[in-house]
Amino acid sequence: MLKILKYSFFDLMRSRWAYIYTAFFLLLTVSLLWLSGDIAKVVASLMNVILVLAPLIATMFGVMYYYNSREFTELLLSQPIRRRHIFFGQYLGLALSLSLSLLLGVGLPFVVYGVWGSAEVWDFMMLLVVGVFLSFIFSALSFFIALRNENRIKGFGLAILVWLFFAVIYDGLFLLALSLFSDYPLENFAIGASLFNPIDLSRVLILLKLDISALMGYTGAVIQKFLGTALGMAVSMAALSVWVLLPAWGIQHVAKHKDF
Amino acid sequence: MITIDNLHKSFGRQPVLSGVTLSFDRPGIYAILGPNGSGKTTLIKSILGMAIPDKGQILFQGKDIRGQWHYRRQIDYLPQIARFPDNLRVSELLAMIEDIREEKPQAMGRLIELFGLQPYLDKRLGNLSGGTRQKVNLVQAFMYDSPVIILDEPTNGLDPVALIRLKGLLHEEKEKGKLLLATTHIMNFVEEMADEVVFLLEGHIHFKGSLDSLKRQYNETSLERAIARILQGEPGFSANGHIKQAVRLAVRR
Ligand SMILES: Nc1ncnc2c1ncn2[C@@H]1O[C@H](COP(=O)(O)OP(=O)(O)OP(=O)(O)O)[C@@H](O)[C@H]1O
Ligand SMILES: [Mg+2]
């Protein structure tokens, strides 16, 4: 598995898109840092970008990578190795290369700016952790979707739809539910609902860390009130891990029975 | 070495192989023929465990291959479509395969020379021409000394020089006592290279045997015409078939 991972990772890191993705984050972070100078504020702005963009890029890369390496995957399948190792290797190579782009693009400017030693170093770390989680989650989801759909257009459409659902539609439905049932106590519902959306979870996690109540939103506030900051973060982290493991399990399950 | 027993495979509602029974016991070159979409690649992929049969059994050296993967160490495979990771170099791809198989490829240097690939070793695979990629594909397929070699349309996109080299290579491997399976649509190639042909049509094996017996059965002098006969749905006339043929000829007159 590590061998497949290694070569997938090299292949992907050398692609034009990886450079563009890294360069975008570099530029954005540098300009935000040098324009504003307030690390906490920069983390909050970057959060909004990463929450949308990391899942979107991971989704697109996941589908594209699967379909583009379809024929090569067949050659790998003819080699004396287990199926599981091929697909986990490819998935991890993909997720790691996306994570590295993000870590370099966002991390380097912060380090140069002198984030170590500042009080906000953990806010910054949380941002990176969330970015990595989102890359792993959405590349797994899209890889899983591509694996299940031979038809590229359908696979691509479905994957984008999933992203759209979690990034945009979910919040709308959530607010709608809140306003419709505003007479009832909705705290448990709110906590439960955010567990089912990795993007929401990530937002809560960062905001708990930043402790900005103004931005916290309803779910964040509820989680902080009921679980406290520490437990709230632990629960969110655990839920995010489940979000990685579930589609990853799905990948190996589908791969096991699939015809190539 | 390979025994296929009553193999059934459909994709969705489309049956592709419906009861294929076939065995390759003796070494030599076997050409697997059949029109586009007749299931040649699917048959090969079933042997390699890439397509999972609905029904039936495949034995490799006497052992059922279902759920197994070690047996693939004994097989070299040339996929029909030569596409590799765009951003890897040729040398890296070959190193990767060596890494995966955990086995030194003894013929790699010679094959690179044979197909004139030295100038391309440091090039990225995404930038190679189709024929050059097929040459890389051939190097990858022949660099080990496995007893079974499976080639899906090996002549794809090759120039005449490379084609001659490939034929030489096939001869050599056959002389070593290996089993070679190759699909192709090029009848000259079959006549020149194959010891036996297997003809797949509509999910069934319509013929398996030597080239001569195929021609004899359809009373044709060229392979192309004999194949055309199969495709037109004419029954062949083996042993007792001579009578049928005589009757048919009589009726025609
Ligand atoms: N993974 C798959 N999913 C769905 N259908 C498939 C799949 N693989 C093959 N088929 C279908 O099975 C049929 C047989 O395909 P196959 O590739 O085995 O044909 P072939 O004999 O190799 O043809 P060609 O000469 O064009 O290479 C085709 O109709 C093809 O569309
Ligand atoms: Mg084919």
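Among the conditions (1) surrounded by fewer than 22 Cβ atoms within 10 Å (Cβ to Cβ); (2) within 14 Å of chain A (Cβ to nearest Cβ); (3) assigned to a loop (DSSP other than H, G, I, E, B), the only one that B:ALA95 does not satisfy is (3). For residues in the stretch A:84-118 being in contact (Cβ under 8 Å) with a residue 12 or more places away in the chain and outside any helix (DSSP H, G or I), which is surrounded by the most Cβ atoms within 10 Å (Cβ to Cβ)? Filtering the stretch A:84-118 for residues that are in contact (Cβ under 8 Å) with a residue 12 or more places away in the chain and outside any helix (DSSP H, G or I), the one surrounded by the most Cβ atoms within 10 Å (Cβ to Cβ) comes out as A:VAL115. Search the stretch B:145-175 for residues being free of Cβ contacts under 8 Å to residues at least 24 places away in the same chain and among the charged types (D, E, K, R), and hand back the single one that is farthest from ligand 2 (Cβ to nearest atom). That would be B:GLU175.
Residues of the stretch B:80-94 that are within 16 Å of B:GLY131 (Cα to Cα) and either within 16 Å of ligand 2 (Cβ to nearest atom) or of a type in the set (A, V, I, L, M) (or both): B:GLN80, B:ILE81, B:ALA82, B:ARG83, B:VAL90.
Of all residues in the stretch B:70-85, those that are more than 12 Å from B:MET143 (Cα to Cα) and more than 7 Å from chain A (Cβ to nearest Cβ) total 4. Contact list please: Cβ distance under 6 Å, first residue in the stretch B:65-91 and without any contact (Cβ under 8 Å) to a residue 40 or more places away in the chain, second residue part of a loop (DSSP other than H, G, I, E, B) and aliphatic (A, V, I, L, M), pairs at least six apart or on different chains. So the pair list comes out as B:TYR71/B:ILE65; B:SER91/B:LEU121. For the stretch B:56-79, the criterion of a residue being touching a strand residue (DSSP E or B) at 6+ places or on another chain (Cβ under 6 Å), surrounded by 17 or more Cβ atoms within 10 Å (Cβ to Cβ) and among the polar types (S, T, N, Q) is satisfied by no position. Residues of the stretch B:145-200 that are away from chain A (no Cβ under 14 Å), of a type outside the set (A, V, I, L, M, F, W, C), away from ligand 1 (no atom under 16 Å from the Cβ) and not in a helix (DSSP H, G or I): B:ASP145, B:ASP159, B:LYS176, B:GLY177, B:LYS178, B:ASP195, B:GLU196.
Only one of these is within 16 Å of the chain's Cα centre (by Cα), hydrophobic (A, V, I, L, M, F, W, C) and within 16 Å of ligand 2 (Cβ to nearest atom): B:PHE199, B:PHE207, B:PHE142. Name it. Write out each step before concluding.
Numbers: B:PHE207 fails: within 16 Å of ligand 2 (Cβ to nearest atom); B:PHE142 fails: within 16 Å of ligand 2 (Cβ to nearest atom).
The match here is B:PHE199.
Listed by first and then second residue, the pairs with beta-carbon distance under 6 Å, at least 6 apart or on different chains, first residue in the stretch B:12-28 and more than 11 Å from B:LEU43 (Cα to Cα) and in contact (Cβ under 8 Å) with a residue 60 or more places away in the chain, second more than 16 Å from ligand 1 (Cβ to nearest atom) and not in a strand (DSSP E or B), are B:PHE24/B:MET1; B:PRO27/B:GLY177; B:PRO27/B:LYS178; B:GLY28/B:ASP195.
What tally of residues in the stretch B:5-51 results from selecting those that are under 19 Å from B:ARG73 (Cα atoms) and more than 16 Å from ligand 2 (Cβ to nearest atom)? Counting residues in the stretch B:5-51 that are under 19 Å from B:ARG73 (Cα atoms) and more than 16 Å from ligand 2 (Cβ to nearest atom) gives 4. In the stretch B:47-66, is there at least one residue being farther than 22 Å from A:HIS85 by Cβ, within 9 Å of chain A (Cβ to nearest Cβ) and more than 18 Å from the chain's Cα centre (by Cα)? Checked the stretch B:47-66: no residue is farther than 22 Å from A:HIS85 by Cβ, within 9 Å of chain A (Cβ to nearest Cβ) and more than 18 Å from the chain's Cα centre (by Cα).
Taken together, the values in this text are just the output of simple stated rules run on the coordinates, not laboratory data. All figures in this text were calculated on a predicted structure; none of them were measured in a lab. In this analysis, Cβ positions are derived from the backbone assuming ideal geometry, glycine residues included, and neighbour counts consider all displayed protein chains.
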